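Following: one structure in structure tokens, then a few remarks.
The values are calculated or read from the model by the stated rules, or taken from the named source; none is laboratory data. Quantities reported herein were computed from a predicted structural model and do not represent experimental measurements. Here the Cβ positions follow ideal geometry from the backbone for every residue, glycine too, while neighbour counts run over all protein chains shown. Remember, those area values only see protein heavy atoms, side chains included, never the ligands or the DNA or RNA. Shrake-Rupley method; radii C 1.70, N 1.55, O 1.52, S 1.80 Å.
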Amino acid sequence: MEINYVPFLKSKQNEIHALAEMASDILPSICPFFDYPKKQNGDTADNIGKSINRLVKKFEKHLKNINGFYFDIYDIDDEIDIDGKHIYAFLLEAFSSFPIIPVVSIDRSDAHQESVVNTKKNSLIDSDVIAFRVTPEDFQSFQVVRDDIEDILSEPFSLFESIDLVFDCRICTNAKIEKIADEIANFSNSFSQRFPVRNIIISGSSIPASVAEVLSSNSEDYVQRIEMDIYNTAQKLWRDKALVFGDYTTISPDYSDADIPPEQMQNRTTAKLTYSFDNQHYFIRGGSLKTKGRDQYFDLAAELCGKDFFRKGNSPGDIYFEEKSNRQGGQCWVSSFIKPSINSHMTYTIQKILANGTI
């Protein structure tokens, strides 16, 4: 399976539906990377187990023909057991009928790595590929972490034919582009000399956990997508093969589900919209839902659709924004713009990559 784009997504309803609505001719060119989402105040093993089982049913309904996907538990406690099994073993077994690609790293518990080893040995993972995820603190120098990689991951690596090396730059708004790109190229070179690498994936985001860090209420602004600059710079330094572009679409890597009581939601939430174009994110934010109401979502959509960079009719997400700009359909709510934003972003990104060979 040739991978052209890896969107990093939280395994939530809007993200799954955004994928399901992708055009059938471009969906096979992407391989999504799912992270199980965290809650601000944590979660119980019982709730997580039920949630994973519900996710399996959503995949069966909406993504049954997907060619492959990564699934990780980066954001949540790595010490949780569900029904007597480590959480990652529980997740891998639950998704054993799907083309799931397991993810390992040097910062995970022994139980995490053992979960991959045991499910692979028990033929519950069909994939011949394993993903190795590294974050900036780990890919600064291959020599520093080489022994950890060989000590911790030699067994899981040995059970798979090849490895997808995943550089997760996380939030890289203030990153030194040349420095990180150089570290990625050097790490890739050293790692590829020792292990069988299939793909090298670079991902990151310029979106903070809270949009309030970008702009105030009742305003709009633009943010440069540093993750694209890192990718393009690394590609120039790494000439052995094409790197695979990844990003967090329009959701921050540090997103977490807020535990806000429904009765307080309107007081503490403002209407907002995120849209990607070229090498920028466009943000527009309204006011409090309590003071300005839900009709303001129509106004945000109308403002977006009036921009020169808006891609009219290009995706189901763009069509949704057009409809809302014309006040068609019912009122919107806090999560209403998440699915169309992600769908529009992914469609635009993979179209650009397929047309130009790069982002």
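Points to keep in mind about this one:
- Any hit, region 155-169, residues being hydroxyl-bearing (S, T, Y) and open to solvent by less than 10 Å² (accessible area, probe 1.4 Å): no
- Cβ pairs under 6 Å, 6+ apart, first in region 25-44 and assigned to a helix (DSSP H, G or I), second open to solvent by 10 Å² or more (accessible area, probe 1.4 Å): P28/N67; S29/N4
- Enumeration of residues in region 235-260 that are in a loop (DSSP other than H, G, I, E, B) and modelled with pLDDT under 95: W238, R239, D240, K241, A242, D254, Y255, S256, A258, D259, I260
- Considering (1) more than 30 Å from A234 (Cα to Cα); (2) open to solvent by 50 Å² or more (accessible area, probe 1.4 Å), the lone condition that S288 does not fulfil carries the number (2).
- Exactly one residue among I76, I30 is hydrophobic (A, V, I, L, M, F, W, C) and either more than 24 Å from H345 (Cα to Cα) or open to solvent by 40 Å² or more (accessible area, probe 1.4 Å) (or both), and that residue is I76.
- Residue pairs meeting the criteria (Cβ under 6 Å; at least 6 apart or on separate chains; first closer than 10 Å to D247 by Cα, in region 201-213; second open to solvent by 30 Å² or more (accessible area, probe 1.4 Å)): S205/I171; S206/T173
- Which listed residue is surrounded by fewer than 18 Cβ atoms within 10 Å (Cβ to Cβ) and part of a helix (DSSP H, G or I), from N65, N47, N14: N47
- Of the criteria (1) farther than 24 Å from S205 by Cβ; (2) surrounded by 14 or more Cβ atoms within 10 Å (Cβ to Cβ); (3) among the small types (G, A, S), which one G330 fails: (2)
- In region 333-357, the residue that is most open to solvent (accessible area, probe 1.4 Å) out of those that are under 22 Å from the mean Cα position of the chain (by Cα) and of a type in the set (A, V, I, L, M, F, W, C) is L354.
- Qualifying positions in region 181-230 - within 16 Å of S141 (Cβ to Cβ), open to solvent by less than 60 Å² (accessible area, probe 1.4 Å), in contact with a helix residue (DSSP H, G or I) (Cβ under 8 Å, 6 or more places away or on another chain) and not hydroxyl-bearing (S, T, Y): A181, I184, A185, F187, F191
- Pick from region 235-250, criterion hydrophobic (A, V, I, L, M, F, W, C) and touching a residue at least 60 places away in the same chain (Cβ under 8 Å), ranking: most open to solvent (accessible area, probe 1.4 Å): A242
- Residue check for F98: part of a loop (DSSP other than H, G, I, E, B), at pLDDT 95 or above, open to solvent by 10 Å² or more (accessible area, probe 1.4 Å) and farther than 19 Å from L153 by Cβ: yes
- Which numbered condition E93 fails, given (1) acidic (D, E); (2) surrounded by fewer than 16 Cβ atoms within 10 Å (Cβ to Cβ); (3) more than 20 Å from the chain's Cα centre (by Cα): (2)
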